[in-house]
Structures are given as C-alpha cells and as structure tokens.
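The values are calculated or read from the model by the stated rules, or taken from the named source; none is laboratory data. Computed from a prediction, not measured in an experiment: that's the story for all the values here. Positions of Cβ are backbone-derived with ideal geometry, glycine not excepted, and every protein chain shown enters the neighbour counts. These accessible areas exclude ligands, DNA and RNA; they are computed on the full protein's heavy atoms, side chains included. Shrake-Rupley method; radii C 1.70, N 1.55, O 1.52, S 1.80 Å.
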Amino acid sequence: MLSKFVIKGFKRFERETAVDLDGVTVLVGANNSGKSTVLQALSLFQYCIETARTEANGGGIKLVKRSVAPDEFGVLPVAEPADLWPHGRVAVGGKPSPITLTGLFDNGAQVGFTLKISFNRFSIVPSTKGPFEDAIRDKAIRLIPLFSGFAPREEFLTPPARQDRVRLQRQGEMIRNLLWELRENAAPQWEKLVALMASVFPDGRIDVRFNVDVDRFLTATYGDDVLPRPRDVAAAGSGYHQMLQIFASVLQPGAGTVLLDEPDAHLHARLQGRLLQILGELSAQDGHQFVLATHSPQILSASPQGAVRVCMGSRIVRLQTQPEQLALLDELGAMDRMELIPLLANRAVAFVEDKSDRKLLEHFARRLWGEAKRRDVWRSLTFLYTHGSPMTKDVLGYARQVRDLMENTAPSGQPVRMVVIGDRDYRTDKSRNATLREHRRKAGNLGEGLEISFRMWSANEIENYVLDRDAIRACLDSQAQSGDGRRKWRQRRAAFQQELDRLVEEQREKVGRSIAEQMQFENRNLTLRTALDRADEFLDDAWTAPQNWCDAKTVLSSLRRWLQESELSLRLDEARIVDAMEAVPDDVRLTLNALARLAAQPAADRRRAKARRKRTRRPSRD
C-alpha cells in the first residue's frame, strides 16, 4: 500500500507536492484545484511500473529504462504530449524538463520515475529503494472513471484485451467481462460482489452467463420482485450502474490502490454515505486502498477521521479535525465539512447571526457590485452563524477555536482574518460605541494568528435597511404594469402607504420598552421606570427615522398579509426591494467593502509571497 506519493513537474504541480495516503483518502477542493491531476499522476505512475517492469534472473522483478513513442503512450487523455508538463514546457533553457513521480510504500520501499521528452519520444527512467518487488508484485493502481454508460451488447474479451480496456478506463464497455471474470476465476470475490450489491439494492439479484463454446456475447442480468423476468444490466438505473462498475472493478484480482473520480455521480445522498462505509470495510478487511476525488458534501461528511486532503493553490494539506472541532463548526452553522474548504484556502471568516442575514447581505452585494463580483467575494469567504446576536454570544471564544482549528489543519503563516457583523439590538449610541470598544479590547488579548474586526449596524437590524419607502413603492409599481392589476394597485396604493406608516408608528412604545430592557441588562441597578424615561428621551431624537428602529420583520410580514387580503398579486420580497433602491445604504456599503477587503487580502498576501520568492531566486549579476 502507498503511504505517500510525491509529484513534481506534472501539470499544475510545478513544484514538488506530496500527498499522504491512508486506506481511504478523500481529495476535495475547488474546481481546477488538482484533485483529478493527483489521480492522473497515480495512473501514470502505474503505467510506468508496467512499462519498465521486466523479469530479473532468478524469477524476480526489476525496473529498467524505457523509451516510448507518443502514439504508444495512451495512459492519459491529452491532445499533445506537452500537455502533461506545466505550461506545456517540456524543456527549460534547452534542457529537457523532467516529470518526477515517487511512491513510498508502507513496507519501506520507494519507487520513482523520471519522465522526459527527447527526440519526440518519452524516456522513462526508474529508481528504487528497499523491498520494492513486494510492493508492486501483485497489487496494481487502477483508475475507475466516472460512469458514462454500459454498452448494449458485449463480446467476450481475452485477458490481454480486458487489461487494455482497463488501462484506457473503458470499464463501461466490458462490465459483463469483469463480472464473468469474477464468477469464473475468483469465486470469493464474486460472492462478495453479489452480497455488496444486495446490501445496497436489496431487491436486485445480479447474474452473468456465457457459454464459451457457443456464445459470442455475454449476458449479465439483474432481477427483482417487481417484474417476473430478469433484465439486462443496461436497463438498470444509473445509480445501480455506478455501484456495479465500482465494485466489479475493485474486486478484480490484482487491484490494490483504486482511484475513484467523482464516485458520488448518479448516487443519492444516502447511497454516497453507504459507498464510503463499504470502501472503509474493504480497506480494513481486504487491504484495498482507495483515493477519491469529489465535490460531494455527503462523501466528505462520511469520510473516516483524518482521511480528507484539501487541494488548494498547488498544495495538498491534510484536514485534521477533532470531534469537538467538528461539533463547534456544526454549532456555528458549518453544515458539512465542505464549508471548511474556502476557510482553509483563504482563511477569511465572517460571523453573522444566521442564514437570513447572509442572504440579505448577498442581495445588497449583488445590487452594489453585480453578481460576478458578489460571487467572487463570497467564494473567498466562509460565513459562520452564531444563532444569536454575535455581540452577545461568545463570538471571541468561537474565533479563538476557529483559529486553533486552522493552525492544526493547515499551518501557512497567514493569520485567520475575521469580521463580526452584528445587530444593534436596541442599544443607544453610547451603548453601541461602548460595546464595540469592549469587543476590540478583548480581541487584543487573543494573541497572534488572528485578525478580527467588529461592525455593528447603525440601524437596529440589517432588515431595517429594507424598509425604504421609495424602494418598496417602486418594487410594487414595477409589478403592476398593465391590465386589471395595475388598476387595482392604483386604487389601493395610497392605502398601502398609510398602512406602512401606521405599522411603523405603532411600534414606538414597543421599541421604547426594548431599549429600556437593554439599558437594564447593561445596568442591573437601573429601575424600569428610570430606564423607560431614558429610553423615551433617546427616542425623541432617534424616532425622526422610525424605520431604523421598528421591528422590520414584523412590518414586512404585515404588509405582505395586507397585500394578500387586498387581493393584490404583488410580491414584496427583500431581493426585489433591494433591486429597486436608488443606492445601497452607506452603512451596508461600508460593511460590504470590508468583506471585499477581507476576501482579497489572502490573495494579496500570496501574490506578495510569490514575488518575494521570485526575487530570491534571481541569479546574482556578479
């Protein structure tokens, strides 16, 4: 079994990149982050083993140098051989630029290959250390590609023909041959396949038939309790096909390290978790090794502890999380481990109260920047939810734990940058400023490795910024453009405006009591009567903008009910109101720009670090 694999000079991995491998290893990351490239490099490594392998005197194995023409080099799907090299450069300074692939095995052996293109031929030069013969003798690396369909009919193939199809990743064209091979020549594996398929699809019974003296085509069927006769496997569902292709390939004699590219394709979320469970059992019981590349949150969440590797920025890092750290992330609204990927890559966190706050920020960001920039900024941020006001929850305790999680998972020298965005929650101006100062003071005691800032809305909550009278009216006007709807809206428009004013104004007493309760929370010696008097004094000035203090959620909900009762088929949702605004409110705009800076800072740090590395590599003019 491989314990580590080292890649250098192959596709995106220009510098030496190592990946630690376990019994089950799950590669995750953004698109074009290198997951599939790792699988391709492992496939190329196996091709080099098979090409360089020969028998030594005495019946042993040795690896020898080989030269291969490009048209014989069919292990990877590339249009040109140079596509295997970073930037397509097969030579640097007139000298061939090598690809190096090195496998370290759990028995202490090491096998490496250096590949170059010289005189329009591939040269493959092996190097070995330790008991490499035992490591490569009976177990091969096999890539099981994404399922793309089974052939409707399938001729019997000789073993060499089957090996060629496996090497070319054309399992769908030979699934019946794989099943026949198991049934005829590997009875224990065949029985295990039947049992595994039955455990996943209890109603399906797999079988394969072929008479070598009479038949030309193989027949593989599955049956269930619904239809009276078995059907060919080609008629089964895609989920059944995916599982069958995986298990039939894994259980083939000689399969050691199995590479699975997007094994979750065509599988229901429950089946994805079940697949991971089965792979773990096969690894523990039979010694199989699995390397998966996936985008699936279900696969990621079902992965064994310590099995996840994150591909990012031409690096591969181990995702080391303890159960208590995952419990923290669940509490903070990281619904699955896939939420960690942007955090590992960009080390930028925004704490907000809940998903509705995040959604409103998205609406405002789209209005301010457009969808393209909004998506770019959001892609570089991890939003964590405090499920309560961030200004009263132990957000600094959460921040410290997230920082420690990042240090344990992917040390990079970059601090974790965070911003906390909280509601005002009926604080007076003096209380608001004091709360911000106190959080900043406490944050200064958290030590190194963390940069955190705090923002509190000037309005009571972010929803209050949606109570823009002009935008609400424009939102509804735009929907009532013609016919009977337009006439009815014109008749009720003034009444709607009166209802909006009434709903806002009637909340003054409730708002005053909420401000008084906040004052008492901050000063336990304050009597309710005194707190109410002070709150009323504060509101004499603050109520000049009542839309900033009322319960915006209640107002909007009441307005929607009013429209429905007035039989007006008009929608009053936050996204439409924000789109109808003349401009994003200044407070929201400043907060969004702070998020944009937070998202951009790690990338800027990486650019500066790259520039520093280039300067240090420049040859001296002396």
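Mind listing whichever residues of region 138-160 are of a type outside the set (S, T, N, Q) and farther than 22 Å from Leu44 by Cβ?
Step one: filter region 138-160 for residues of a type outside the set (S, T, N, Q), giving 138-147, 149-157, 159-160.
Result: Phe147, Gly149, Phe150, Ala151, Pro152, Arg153, Glu154, Glu155, Phe156, Leu157, Pro159.
How many residues are touching a helix residue (DSSP H, G or I) at 6+ places or on another chain (Cβ under 8 Å) and either among the β-branched types (Val, Ile, Thr) or open to solvent by 20 Å² or more (accessible area, probe 1.4 Å) (or both) if we restrict to region 118-146?
Adding up the residues that qualify gives 10.
When you go through Phe364, Phe351 one by one, which is the residue that is more than 19 Å from Val466 (Cβ to Cβ), modelled with pLDDT of 85 or more, crowded, with 19+ Cβ neighbours inside 10 Å and of a type in the set (Phe, Trp, Tyr)? Let's see the steps before the verdict.
Details: Phe364 fails: more than 19 Å from Val466 (Cβ to Cβ).
None of the others qualify; the one that does is Phe351.
Which members of region 123-162 meet the condition of being assigned to a loop (DSSP other than H, G, I, E, B), among the acidic types (Asp, Glu) and either over 29 Å from Asn211 (Cα atoms) or free of Cβ contacts under 8 Å to residues at least 12 places away in the same chain (or both)? Walk me through it before giving the result.
Going through region 123-162, the residues assigned to a loop (DSSP other than H, G, I, E, B) turn out to be 130-131, 137-139, 145-154, 156-158.
Restricting the remaining residues to those that are among the acidic types (Asp, Glu) gives 138, 154.
The answer is Asp138, and nothing else.
Pick out the one residue from Glu173, Glu191, Glu155 that is over 26 Å from Gln289 (Cβ atoms), open to solvent by 60 Å² or more (accessible area, probe 1.4 Å) and not hydroxyl-bearing (Ser, Thr, Tyr).
Details: Glu173 fails: over 26 Å from Gln289 (Cβ atoms); Glu191 fails: over 26 Å from Gln289 (Cβ atoms).
After ruling out the rest, the residue left standing is Glu155.
Write out, first by first residue and then by second, each pair whose Cβ atoms fall under 7 Å of each other, whose residues are 6+ apart or on separate chains, and whose first residue, in region 46-73, is free of Cβ contacts under 8 Å to residues at least 40 places away in the same chain while the second is part of a loop (DSSP other than H, G, I, E, B) and open to solvent by less than 30 Å² (accessible area, probe 1.4 Å).
Between residues of region 46-73 that are free of Cβ contacts under 8 Å to residues at least 40 places away in the same chain and residues that are part of a loop (DSSP other than H, G, I, E, B) and open to solvent by less than 30 Å² (accessible area, probe 1.4 Å), the close pairs are Lys62/Ala56.
Can you tell me how many residues in region 279-311 are surrounded by fewer than 19 Cβ atoms within 10 Å (Cβ to Cβ) and of a type in the set (A, V, I, L, M)?
So the answer is 1.
Of the residues in region 579-622, how many are basic (Lys, Arg), at pLDDT below 90 and not in a loop (DSSP other than H, G, I, E, B)?
Matching residues across region 579-622 total 9.
Only one of (1) buried (at least 19 other Cβ atoms within 10 Å of the Cβ); (2) out of contact with any Pro (no Cβ under 7 Å at 6 or more places or on another chain); (3) modelled with pLDDT of 80 or more fails for Ala334. Which number is that?
(3)
Taking region 503-542 on its own, how many of its residues are of a type in the set (Asp, Glu), touching a residue at least 40 places away in the same chain (Cβ under 8 Å) and out of contact with any helix residue (DSSP H, G or I) (no Cβ under 7 Å at 6 or more places or on another chain)?
If we filter region 503-542 for residues that are of a type in the set (Asp, Glu), which is where we start, we get 505-506, 509, 517, 522, 533, 536-537, 540-541.
Those left that are additionally touching a residue at least 40 places away in the same chain (Cβ under 8 Å): 505, 517, 522.
Those left that are additionally out of contact with any helix residue (DSSP H, G or I) (no Cβ under 7 Å at 6 or more places or on another chain): 517.
The total comes to 1.
A quick yes/no check of all residues on (1) open to solvent by 70 Å² or more (accessible area, probe 1.4 Å); (2) closer than 25 Å to Gly34 by Cα; (3) touching a His at 6+ places or on another chain (Cβ under 6 Å):
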residue: Gly59; (1), (2), (3): no, no, no
residue: Asp71; (1), (2), (3): yes, no, no
residue: Gly94; (1), (2), (3): yes, no, no
residue: Ile99; (1), (2), (3): no, yes, no
residue: Asn107; (1), (2), (3): no, no, no
residue: Phe113; (1), (2), (3): no, yes, no
residue: Lys116; (1), (2), (3): yes, yes, no
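Every residue in region 20-70 that is in contact with a strand residue (DSSP E or B) (Cβ under 6 Å, 6 or more places away or on another chain) and on the phi > 0 side of the Ramachandran plot, please.
The answer is Gly29, Gly34.
For Arg576, work out the one condition from (1) surrounded by 15 or more Cβ atoms within 10 Å (Cβ to Cβ); (2) at pLDDT below 90 it doesn't fulfil.
(2)
Please enumerate the residues belonging to region 1-50 that are under 25 Å from Gln163 (Cα atoms), assigned to a loop (DSSP other than H, G, I, E, B) and out of contact with any Asp or Glu (no Cβ under 8 Å at 6 or more places or on another chain).
Of everything in region 1-50, just one residue is under 25 Å from Gln163 (Cα atoms), assigned to a loop (DSSP other than H, G, I, E, B) and out of contact with any Asp or Glu (no Cβ under 8 Å at 6 or more places or on another chain), namely Gly23.
Being more than 24 Å from Asp164 (Cβ to Cβ), of a type in the set (Val, Ile, Thr), touching a strand residue (DSSP E or B) at 6+ places or on another chain (Cβ under 6 Å) and modelled with pLDDT under 90, is that true of even one residue in region 136-149?
No: region 136-149 contains no residue that is more than 24 Å from Asp164 (Cβ to Cβ), of a type in the set (Val, Ile, Thr), touching a strand residue (DSSP E or B) at 6+ places or on another chain (Cβ under 6 Å) and modelled with pLDDT under 90.
Could you tell me which numbered condition Leu319 fails, if it satisfies all but one of (1) open to solvent by 20 Å² or more (accessible area, probe 1.4 Å); (2) in contact (Cβ under 8 Å) with a residue 24 or more places away in the chain; (3) touching a Ser or Thr at 6+ places or on another chain (Cβ under 9 Å)?
(1)
For the subset of region 77-92 comprising residues that are part of a helix (DSSP H, G or I) and open to solvent by 20 Å² or more (accessible area, probe 1.4 Å), which member is modelled with the lowest pLDDT? Full working, then the answer.
Going residue by residue through region 77-92, those that are part of a helix (DSSP H, G or I) are 81-84, 86-88.
Adding the requirement that they be open to solvent by 20 Å² or more (accessible area, probe 1.4 Å) leaves 81-83, 87-88.
Numbers: Pro81: 76, Ala82: 81, Asp83: 84, His87: 84, Gly88: 83.
This residue is Pro81.
Every residue, every condition in (1) open to solvent by less than 80 Å² (accessible area, probe 1.4 Å); (2) outside any helix (DSSP H, G or I); (3) in contact with a strand residue (DSSP E or B) (Cβ under 8 Å, 6 or more places away or on another chain), yes or no:
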| position | (1), (2), (3) |
| --- | --- |
| Asn460 | yes, yes, no |
| Gly485 | yes, no, no |
| Lys488 | yes, no, no |
| Ala494 | yes, no, no |
| Gln497 | yes, no, no |
| Leu500 | yes, no, no |
| Ala535 | yes, no, no |
| Asp540 | no, no, no |
